[in-house]
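Below is one structure, written out as structure tokens, with a few remarks after it.
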Amino acid sequence: MGLLFVVTLLDSPFKSARSAMMPDILTGERYVLGTAIAQTTLQVAMVSGYALGGLVVALLGVRAALLIDAATFAASALLVWFWVQHRPAAAVSAGGRPAGERHLKGIAAGMRLVFDDRTLRTLIVLGWLVAFYVVPMGLAAPYAASFHASLAIPISTGLVFAAGPFGTAVGAIVFGRIVPPAARQRWMGPLAIAACGVLLFCALQPDLAGALLIIAVSGACASYQVAANAAFVRAVPPEHRGQAFGLANGGMQVTQGLWIVLAGAVASSHLVTPATAIAISGGLGALLAAALAITWRRTYQPR
């Protein structure tokens with residue numbers, strides 16, 4: 001558990017630096033397409049990893065699966081080290097120092113920048129809605145066990161894990177490549193509501209196939225994050241991009257962790273089933289998404 005905490009702790013700064021640098025490499029519509037391709041690649045890798053991971057656990061056990069996973073991370077580190085071009089910091093402050101070097105003052109400045117601006121505040125909370133629709137992954141093991149399917153529980157668990165990323169990969173391709181830029185902004189609110197709200201169907205206690213379909217549809221609707229990310233980049237001054245993305249990514253990790261712990265506690269209390277806990281999370285997320293969608297519709301100015 002401690003090792004997993006350290007890995008996750010290092011993940012947020014990496015994502016913040018990468019997110020802050022991307023707009024300098026890809027500009028305009030290329031940024032949206034690049035983000036969609038990156039998300040699709042990530043989700044395809046997650047689908048493959050979760051699905052194959054469940055199979056590996058069923059065949060070789062948890063320890064062997066973790067060792068194989070660690071080896072893939074080591075190979076990834078080597079690929080990044082030797083094949084990814086070194087670049088300077090994404091943005092430099094007026095004093096000639098990277099914004100991140102201002103430490104606590106920089107964090108405070110980033111929070112003021114985001115939460116004092118209604119557009120940025122709305123967009124960052126839209127991003128944090130992931131905490132509500134990612135709950136099926138957090139409850140994947142008990143949810144898979146509740147189906148009593150013919151498949152081994154590790155395999156069923158892997159499929160539950162993989163369903164959301166699969167939907168997101170498909171949604172990112174459609175949303176990023178087919179939907180026009182202006183339409184993406186208009187559909188961002190409705191898709192955010194749907195990403196959470198579709199999980200309400202889990203309350204009907206569907207079988208494994210039905211649950212996988214529901215989670216995949218939720219993941220497809222979560223492609224609104226592509227538009228939210230692009231809008232966030234446009235609204236943040238370049239010199240504060242690292243701070244803003246650091247806050248966005250850090251908050252996303254914290255909200256996911258806390259909400260999944262709470263959902264897990266509710267599901268393990270035996271007061272409700274895992275399916276009901278997922279449906280409750282989706283319903284609450286849909287209500288918040290609806291409020292954010294109304295705010296965004298009043299805030300968004302088409303270009």
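Taking the criterion of being under 21 Å from Ile280 (Cα atoms), open to solvent by less than 50 Å² (accessible area, probe 1.4 Å) and in contact (Cβ under 8 Å) with a residue 24 or more places away in the chain, would at least one residue in region 148-157 satisfy it?
yes
Exactly one of (1) under 30 Å from Phe115 (Cα atoms); (2) more than 18 Å from the chain's Cα centre (by Cα) is unmet by Ala194. Its number?
Unmet for Ala194, out of (1) under 30 Å from Phe115 (Cα atoms); (2) more than 18 Å from the chain's Cα centre (by Cα): (2).
In region 114-129, which residues are part of a helix (DSSP H, G or I) and open to solvent by less than 10 Å² (accessible area, probe 1.4 Å)?
Val114, Leu120, Thr122, Leu123, Ile124, Leu126, Gly127 - these are the residues of region 114-129 that are part of a helix (DSSP H, G or I) and open to solvent by less than 10 Å² (accessible area, probe 1.4 Å).
Take region 185-207 and flag every residue that is touching a Gly at 6+ places or on another chain (Cβ under 9 Å), buried (at least 21 other Cβ atoms within 10 Å of the Cβ) and not small (Gly, Ala, Ser).
Across region 185-207, the qualifying residues are Leu191, Ile193, Cys196, Val198, Leu199, Cys202.
Across region 238-265, what is the total count of residues that are over 18 Å from Met111 (Cβ atoms) and either small (Gly, Ala, Ser) or surrounded by 17 or more Cβ atoms within 10 Å (Cβ to Cβ) (or both)?
Number satisfying all stated conditions: 7.
Of the conditions (1) more than 26 Å from Arg121 (Cβ to Cβ); (2) among the hydrophobic types (A, V, I, L, M, F, W, C); (3) in contact with a Cys (Cβ under 7 Å, 6 or more places away or on another chain), Ala277 clears all except one; give me its number.
Failing condition for Ala277: (3).
Answer yes or no as to whether Gly210 is surrounded by fewer than 24 Cβ atoms within 10 Å (Cβ to Cβ), part of a helix (DSSP H, G or I) and over 20 Å from the mean Cα position of the chain (by Cα).
In short, yes.
Please work out if His270 is surrounded by 16 or more Cβ atoms within 10 Å (Cβ to Cβ) and at pLDDT below 85. Can you show your working first?
Numbers: surrounded by 16 or more Cβ atoms within 10 Å (Cβ to Cβ): no; at pLDDT below 85: yes.
Answer is no for this residue.
Evaluate region 149-157: report whether one residue or more is part of a helix (DSSP H, G or I), within 25 Å of Ala248 (Cβ to Cβ) and in contact with a helix residue (DSSP H, G or I) (Cβ under 9 Å, 6 or more places away or on another chain).
Of all residues in region 149-157, those part of a helix (DSSP H, G or I) come to 153-157.
With the extra rule that they be within 25 Å of Ala248 (Cβ to Cβ), the set shrinks to none.
Within region 149-157, none of the residues are part of a helix (DSSP H, G or I), within 25 Å of Ala248 (Cβ to Cβ) and in contact with a helix residue (DSSP H, G or I) (Cβ under 9 Å, 6 or more places away or on another chain).
Scanning for something over 14 Å from the mean Cα position of the chain (by Cα), assigned to a helix (DSSP H, G or I) and β-branched (Val, Ile, Thr), does region 248-259 turn up at least one residue? First the steps, then the outcome.
Narrowing region 248-259 to residues over 14 Å from the mean Cα position of the chain (by Cα): 258.
Restricting the remaining residues to those that are assigned to a helix (DSSP H, G or I) gives 258.
Next, from what is left, pick out any that are β-branched (Val, Ile, Thr): none.
The answer is no; no qualifying residue exists.
What is the number of the single condition among (1) touching a residue at least 12 places away in the same chain (Cβ under 8 Å); (2) within 23 Å of Leu258 (Cα to Cα); (3) surrounded by fewer than 24 Cβ atoms within 10 Å (Cβ to Cβ); (4) not β-branched (Val, Ile, Thr) that Ala144 does not meet?
(3)
How do the pairs read when you match residues in region 175-189 that are under 20 Å from Ala38 (Cβ atoms) with residues anywhere that are assigned to a helix (DSSP H, G or I) and acidic (Asp, Glu), using Cβ under 8 Å and keeping only pairs 6 or more apart or on different chains?
Here the result reads Pro181/Glu29, each pair linking region 175-189 to a residue that is assigned to a helix (DSSP H, G or I) and acidic (Asp, Glu).
Do you know which residues across region 66-95 are modelled with pLDDT under 80 and hydroxyl-bearing (Ser, Thr, Tyr)?
Listed by number, the list holds a single entry, Ser93.
The values are calculated or read from the model by the stated rules, or taken from the named source; none is laboratory data. All values derive from a computational prediction rather than experimental measurement. As a convention, Cβ positions derive from the backbone with ideal geometry for all residues, glycine included, and neighbour counts pool all protein chains shown. Accessible surface areas use protein heavy atoms only, side chains included; no ligands, DNA or RNA. Shrake-Rupley method; radii C 1.70, N 1.55, O 1.52, S 1.80 Å.
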